[in-house]
1. Label-point separation (nm) for A150 and E181, each offset 7 Å from Cα along Cα-to-Cβ?
2. Using the Cα gyration tensor of region 126-255, with a ≥ b ≥ c the square roots of its eigenvalues, what is the shape: rounded (a/c below 1.5), prolate (a/b larger than b/c) or oblate (neither)?
3. Counting DSSP beta bridges with both partners in the chain, what percentage is antiparallel, nearest 5?
4. Using mean Cβ contacts within 10 Å as the protection proxy, how do 156-165, 29-38 order, highest first?
5. Starting from 0.36 nm per residue, how many nanometres of slack lie between Q159 and R30 once their C-alpha separation is accounted for?
6. State, as an integer percentage, the relative contact order of the chain based on alpha-carbon contacts under 8 Å between residues 6 or more apart.
7. Please give the helix 180-189 orientation as an angle from the longest Cα principal axis of the chain, in degrees from 0 to 90, rounded to the nearest 10.
8. Quick one: what are the phi-derived ³J(HN,Hα) couplings along region 221-229, Karplus 6.51/-1.76/1.60 with θ = phi - 60°, whole Hz, x for glycine and proline?
Amino acid sequence: MPHAALTPGTVHLVGAGPGDPDLLTLRAARLIMNASLIVHDGLVEPAILAMAPRTARMVSVAKSRSRHTLPQDGINALLVREARAGHDVIRLKGGDPFVFGRGGEEAEACRAAGVPVVVVPGISAANGAAAAAQIPLTHRDAASIVTFVAGQCKGLTEQDWSGLAGKGRTLVIYMGVATAEAISEKLMADGLAPQVPVAVIENATRAAMRVLRGPLAGLAALVAVNKVKSPALIVIGDVAARDETELREIALEAVK
Ligand code: SAH
């Protein structure tokens, strides 16, 4: 008698937020605490992984800029294979799965294989860092447009960022530490003033968080002198100004 087809497990693409376990959604926390298999990337805090049952299988698919533990195709195949074997999979990612998280590719791979997939949003690094550093991404007096870009991507130099930063705009750059110099040069070549305020937020919401500020022209030096390491975000625009007083001065300047 032929075996009945095995019902595939469900793949949950779960956002783990920027680091602090308190910033998990209740849904993410519940899924982690009931998990039997967690496939996680390198950005997920150990304190969050520690919330999983001791019996859960933990698989790291951490990537780094120079060293790829498991290429994306391998991760997609792993998720599909486990789900087809009947296992529910918690695919845990830093921040939000659909913001520079390649969650879109994983969801597509699951759908193509007939594996049910559920997406659980997380607090993206931009939101977590903005809150922790008290840098509003929008501000009635300073910015009504905010853009998220990837600083490390295919063809950075060819990408058209013109108009994304400047008066009334906030530009948030993910994965931009290694290319900080090229980024500031690119923006200034696009006409952005060298004194536009910049904030670099390293390890946002974690114990080791640092917030560094300076003008755009000094971005590369700020990163180099302070030995900023990933994960860090770069925020460019008036909202990144040193403090409320400075922000108010900027606003006053604008109405002169
Ligand atoms: N899906 C994630 C982003 C993954 S890309 C999200 O929504 O947040 C990885 C980049 O995110 C890092 O290079 C860094 O720029 C940023 N990042 C993630 N966690 C961070 C943190 N705790 N502090 C600062 N930047 C962080």
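1. Each label point is offset 7 Å from its Cα along the Cβ direction, giving 2.4 nm.
2. On the way: a/c = 1.55, a/b = 1.12, b/c = 1.39.
Note, shape of region 126-255 comes out oblate.
3. On the way: 18 of 41 bridges.
Expressed as a percentage, antiparallel bridges in the chain total about 45.
4. Working: 156-165: 14.0, 29-38: 17.6.
With the highest mean Cβ count within 10 Å placed first, the list reads 29-38, 156-165.
5. The span from Q159 to R30 would gain 42.4 nm if fully extended.
6. Details: 512 pairs, mean separation 49.1, N = 256.
Relative contact order comes out at 19 percent.
7. Helix 180-189 sits roughly 50 degrees off the main axis of the chain.
8. 5, 4, 5, 6, 4, 8, 6, 5, 10
The values are calculated or read from the model by the stated rules, or taken from the named source; none is laboratory data. Here the structure is a predicted model, which means the values were calculated and not measured. No Cβ is skipped: glycine too gets one built from the backbone with ideal geometry, and neighbour counts run over all protein chains shown. Note: accessible area is taken over every heavy atom of the protein model, side chains too, but ligands, DNA and RNA are not part of it. Shrake-Rupley method; radii C 1.70, N 1.55, O 1.52, S 1.80 Å.
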